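The values are calculated or read from the model by the stated rules, or taken from the named source; none is laboratory data. Because the structure is a prediction, the values reported are computed rather than measured. In this analysis, Cβ positions are derived from the backbone assuming ideal geometry, glycine residues included, and neighbour counts consider all displayed protein chains. Keep in mind that these areas ignore ligands, DNA and RNA; they rest on the heavy atoms of the full protein, side chains included. Shrake-Rupley method; radii C 1.70, N 1.55, O 1.52, S 1.80 Å.
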Amino acid sequence: GNGTAGRTVAHSLGVVPEMIITKNRTTTGTHFAVYNKGLNGGVTPENYYLLLNNTQQNYADPDIWNDTPPSSTAFTVGANEKVNTSNANFIAYLFASLAGISKVGSFTHVYHTDTNVDCGFSNGARFILIKRTDAAGDWRVYDTTRGIIAGADPELKLNSTAAEYTGGDYIDPYSQGFTVVGANYNSGTYIFYAIA
């Protein structure tokens, strides 16, 4: 980091990142900062961020991504300690959708109504990461190795040290992506990352 707002960080993803996770590796007590194209309902998401190790809703702070959307060659950071403290070492993970392989997206869910999330897959999702953005919510992880079935699904939470929970039906198989089970997710806006 150089502590200068407006710093651009080159990347070789080849497309515009739709999700970015950064971490200050030098300074203790700093959080993982997350950009996602679906933050704030997809309206100026570069002015918002989430914390990967926290349940809170998306924060408005243009100092994280410097009020600048990422491009196919670089992303921009502000001077905030989560992304660009002077003389600190950082790591960044970048994600983008690839047709039939992975999908970064968002959806709106209504309580007690199942929501089919179409990722453009042909055999459903094998890995799913979901986070509510308009209110507090966990970073929930599901995968087919542990089970995505029409029944109880093992669930891990990235923001928690708890063991996996196996007592609820949260996700069901759906050939184009996945289905969010109506009664186990509150009404709201969610972001996700899925892998076929």
N66 crowded, with 16+ Cβ neighbours inside 10 Å, on the phi > 0 side of the Ramachandran plot and modelled with pLDDT of 95 or more: yes
Sole exception among (1) surrounded by fewer than 17 Cβ atoms within 10 Å (Cβ to Cβ); (2) part of a loop (DSSP other than H, G, I, E, B) for T8, by number: (2)
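Output the number of residues of the range 52-94 satisfying the condition of being free of Cβ contacts under 8 Å to residues at least 24 places away in the same chain and not hydroxyl-bearing (S, T, Y). I'd like the intermediate steps shown before the answer.
Residues of the range 52-94 free of Cβ contacts under 8 Å to residues at least 24 places away in the same chain: 59-62, 67.
Of the ones still in play, those that are also not hydroxyl-bearing (S, T, Y) are 60-62, 67.
Within the range 52-94, residues that are free of Cβ contacts under 8 Å to residues at least 24 places away in the same chain and not hydroxyl-bearing (S, T, Y) number 4.
Given the range 108-196, what strands (runs of 3 or more DSSP E) lie entirely inside it while holding 2 or more residues that are within 20 Å of Y35 (Cβ to Cβ) and not hydrophobic (A, V, I, L, M, F, W, C)? Break it down stepwise before answering.
On the way: elements: 115-118, 127-132, 139-143, 171-174, 177-180, 188-195.
Where strands (runs of 3 or more DSSP E) fall fully within the range 108-196 and carry at least 2 residues being within 20 Å of Y35 (Cβ to Cβ) and not hydrophobic (A, V, I, L, M, F, W, C), they are 127-132, 188-195.
Quick test for you: out of S122, S106, S97, S86, pick the one residue that is under 16 Å from the mean Cα position of the chain (by Cα) and over 18 Å from N40 (Cβ atoms).
Exactly one of S122, S106, S97, S86 is under 16 Å from the mean Cα position of the chain (by Cα) and over 18 Å from N40 (Cβ atoms), namely S97.
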Which listed residue is within 21 Å of T189 (Cα to Cα), more than 18 Å from the chain's Cα centre (by Cα) and open to solvent by 20 Å² or more (accessible area, probe 1.4 Å), from Y111, Y59: Y111
Residue within the range 43-64 that is in contact with a Ser or Thr (Cβ under 9 Å, 6 or more places away or on another chain), of a type in the set (S, T, N, Q) and farther than 25 Å from S160 by Cβ present: no
Unique residue being touching a Leu at 6+ places or on another chain (Cβ under 9 Å) and either assigned to a helix (DSSP H, G or I) or open to solvent by less than 70 Å² (accessible area, probe 1.4 Å) (or both) when the list is N53, N84, N40, N80: N53
Scope the range 11-37; condition open to solvent by less than 30 Å² (accessible area, probe 1.4 Å), closer than 25 Å to S102 by Cβ and assigned to a strand (DSSP E or B); matching residues: M19, I20, I21, T22, A33, V34, Y35, N36
